Every structure is written in C-alpha cells, then in structure tokens.
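Report on the structure given below.
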Amino acid sequence: QVQLVESGGGLVQAGGSLTLSCASSGSILSIAAMGWYRQAPGKQRELVAAITRGGRTNYVDSVKGRFTISRSIAENTVYLRMNSLKPEDTAVYYCNLNSVDTRVYWGQGTQVTVSS
C-alpha cells in the first residue's frame, strides 16, 4: 500500500512563504516523477510543479520564479517552497507520484490559504 503524506499547508498573508512536504511510503517499484497539483474552488486541478527522477523540473507559468520544487531521494520526499504568495495561490495542494510502472498515486491534499 503506497501512501503519500502531505504537510505544511496553512494560512499566510500575501507576500509570505510556505513549504509543503510530501513523504511517500510503501511498495513503490521506482519513482519516475513527483509533483504538486492544486485545485481552487470551481476550477480544475492543475499541475503546479514537477520533478523527474533525473532532477528535471517544470513549473506552471504563474508560479515561475516564486515556487521551487525539490526532493530527497533517500527519503522519497518532495518539497514545494512557495515564496511571494498571492491570494490566487489559494487552493488545495495535492502531492502526486508517478512510478516507472505507470501507476499514479495521490496524497489527501493540504489547504493553502493566502489572505490579501
């Protein structure tokens, strides 16, 4: 049973920072990529940032220069450092893991609220 446990969400004022963490555990053949998605009320879930097994990263345009994704291979953990937060970053953030055998796993989500 694979589990993704997220932490680090909360309430922050505009311009502030938060760091999300996602720890994976269980029987994972091998991780191909991990990432963060978010879903705001009334909107579709969107990819925020992802990092591949080889360390390649990509970001949605709206967070480039403000968010940084990183990982600890030894701990099977991925992080999302979010700086200069804006009210439009308010959403539930979900951790995502893609294994090399094409399985996809999701965390339970963590709420990020940015007040103006």
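The values are calculated or read from the model by the stated rules, or taken from the named source; none is laboratory data. Given the structure is predicted, the values throughout are model-derived calculations rather than measurements. Please note: Cβ atoms are built from the backbone with ideal geometry, for glycine as well, and neighbour counts cover all protein chains shown. The area values use the complete protein model at the heavy-atom level, side chains included, leaving out ligands, DNA and RNA. Shrake-Rupley method; radii C 1.70, N 1.55, O 1.52, S 1.80 Å.
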- Message: Against the condition of a type in the set (A, V, I, L, M, F, W, C) and open to solvent by 70 Å² or more (accessible area, probe 1.4 Å), how does Leu11 come out, does it pass?
- Response: yes
- Task: Report, ordered by the first and then the second residue, all pairs with beta carbons closer than 6 Å, sequence separation of six or more or different chains, a first member in region 32-44 that is closer than 14 Å to Gly109 by Cβ and of a type in the set (Phe, Trp, Tyr), and a second member that is outside any strand (DSSP E or B) and open to solvent by 60 Å² or more (accessible area, probe 1.4 Å).
- Result: Tyr37/Arg45
- Note on region 9-34: residues out of contact with any Phe, Trp or Tyr (no Cβ under 8 Å at 6 or more places or on another chain), modelled with pLDDT of 95 or more and not hydrophobic (A, V, I, L, M, F, W, C) are Gly10, Gln13, Gly15, Gly16, Ser17
- Unique match (being part of a strand (DSSP E or B), open to solvent by 20 Å² or more (accessible area, probe 1.4 Å) and hydrophobic (A, V, I, L, M, F, W, C)) among Ala49, Ala23, Ala74: Ala23
- Item | Residue check, Val100 loosely packed, with under 13 Cβ neighbours inside 10 Å and among the aliphatic types (A, V, I, L, M) | yes
- Qualifying positions in region 72-109 - more than 13 Å from the chain's Cα centre (by Cα) and at pLDDT 95 or above: Asn83, Ser84, Leu85, Lys86, Pro87, Glu88, Thr90
